[in-house]
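Below is one structure; the comments refer to it alone.
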Amino acid sequence: MPEHILSLPGSTDRFILTDRPTTTLTDRYRPLPDGMNLSHATVVRAHQVRTGDIVVASFTDGPGTRYAEHVPQAYTAHPRPFGTCQAQCEECENIHAHGAAADRYLCLDDADDREDCVIVYRNTPVAIISATTAASLPPLDSASLLPDLFTLEGSKFGPYEALPVSRAWCPWSTISVTRATAEQIAIDLPRSHAGRHLTCRWLDELLLISSDPRQRAEPGRPGRLIEPDAGGRYLIGGLWPWEEWSPPTCPDCSTDTEQIDVEGEKAWRCTAPDCTRRTYGTGEPDDDQDLPPYTETDADGTTIVYHGTGEIDIETTAELASQEAAHENDQDADEDDGLTCPNGNQPPECTEIDPCEACAQDEDEEAAMIEASMGLHSGTLD
């Protein structure tokens, strides 16, 4: 990954700006528009950011070499003093709740209907593309929006990509998805706990979600007929709660997990080097018990059997080890069963009474050597 080494006037630190990471399920970074890249960036302190500058990253703590920590979505700065939030956003309320001094913080961008305010320390180094430079580049909003991710509440299904939702969105609201995503939701929903009382059926372009009145969690929710909007997207929800999705952490050590495929199913594996924990990521330990078991071979060639959660199946591993030991013993017995002579022949080709020709010659040579050592010649005494 290319690196841009930047400096900040008045600081001896080196600021390493790498390219923005590729977007994955676990790394959610909206790309910059085509024609705008980080070679245009400089480093300034937060209080030096001006209206129209585009903020792309902050940096790890110093002193010394400091590496970029990319913001998930680059944004156009609109600096203002901290403590004047008109939206009463969650970020400002949290910082106020900790008794923060207003003169130590700065708001780099106001809250809107999707995002909270961006609050930083006044002297925090940030990477920006200046407003003057940005004016000659493609506009920031020309890049595709990063989709939001959702899953069915308490479910291992998903995540499902949807258009970004507003800050006022709640779990019983709808999400906007493509036809392909709507089809997957229609498959998963009846199999989930959240949609256990629902059935899904396609009527050409229409999706009918209906409920069994005997199993409704709430009265007055008979079902819904969903048709695509002008863009071909489906607004789905309202009959069950959604969850905003983020990569699950390890249930044992809280380390980040990475996605793996387990017999065609999505699961998550702890990234800590000394932890083997696996999870469906639903937060329900009972769900993880359904993960398929697996085996691994260690550096000594020993086969270890694991439960699907990553715990060693001690009983099965011990049983397998005993079977392997018995098999090795059988092989040793086959290779040396006490019947094969030193020259590789077995009865009836070679027996103690009637040795094979090779063994008879060996016996004659051995007898001659014994006689010579005793001073015997031709069977007579000297």
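A few comments on the model shown:
- Looking at A321, A326, just one residue is at pLDDT below 80, surrounded by 11 or more Cβ atoms within 10 Å (Cβ to Cβ) and in a helix (DSSP H, G or I), and that residue is A321.
- Matching option when the condition is modelled with pLDDT under 90 and surrounded by fewer than 20 Cβ atoms within 10 Å (Cβ to Cβ), among E153, E183, E161: E153
- Residues (free of Cβ contacts under 8 Å to residues at least 40 places away in the same chain and open to solvent by 60 Å² or more (accessible area, probe 1.4 Å)) located in region 8-23: P9, G10, T22
- The one condition in (1) touching a His at 6+ places or on another chain (Cβ under 7 Å); (2) under 18 Å from R114 (Cβ atoms) that G154 fails to fulfil: (2)
- Residue match in region 123-143 (condition: closer than 30 Å to G195 by Cα and buried (at least 19 other Cβ atoms within 10 Å of the Cβ)): no
- Matching strands (runs of 3 or more DSSP E) fully within region 190-273 where at least 3 residues are at pLDDT 90 or above and open to solvent by less than 80 Å² (accessible area, probe 1.4 Å): 198-203, 206-211, 234-237
To keep it simple, each residue is scored yes or no on (1) more than 26 Å from P21 (Cα to Cα); (2) surrounded by 19 or more Cβ atoms within 10 Å (Cβ to Cβ).
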{"site": "H47", "(1), (2)": "yes, no"}
{"site": "G52", "(1), (2)": "no, no"}
{"site": "P63", "(1), (2)": "no, no"}
{"site": "H78", "(1), (2)": "no, no"}
{"site": "F82", "(1), (2)": "yes, yes"}
{"site": "E90", "(1), (2)": "yes, no"}
{"site": "E93", "(1), (2)": "yes, no"}
{"site": "H98", "(1), (2)": "yes, no"}
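- Any hit, region 280-295, residues being within 17 Å of L25 (Cα to Cα), in contact with a Cys (Cβ under 8 Å, 6 or more places away or on another chain) and open to solvent by less than 60 Å² (accessible area, probe 1.4 Å): no
The values are calculated or read from the model by the stated rules, or taken from the named source; none is laboratory data. On a predicted model such as this, the values are computed, not experimentally measured, just so you know. Quick reminder, even Gly has a Cβ in these numbers, built from the backbone with ideal geometry, and neighbours come from all protein chains shown. Heavy atoms of the whole protein, side chains included, go into the accessibility calculation; ligands, DNA and RNA do not. Shrake-Rupley method; radii C 1.70, N 1.55, O 1.52, S 1.80 Å.
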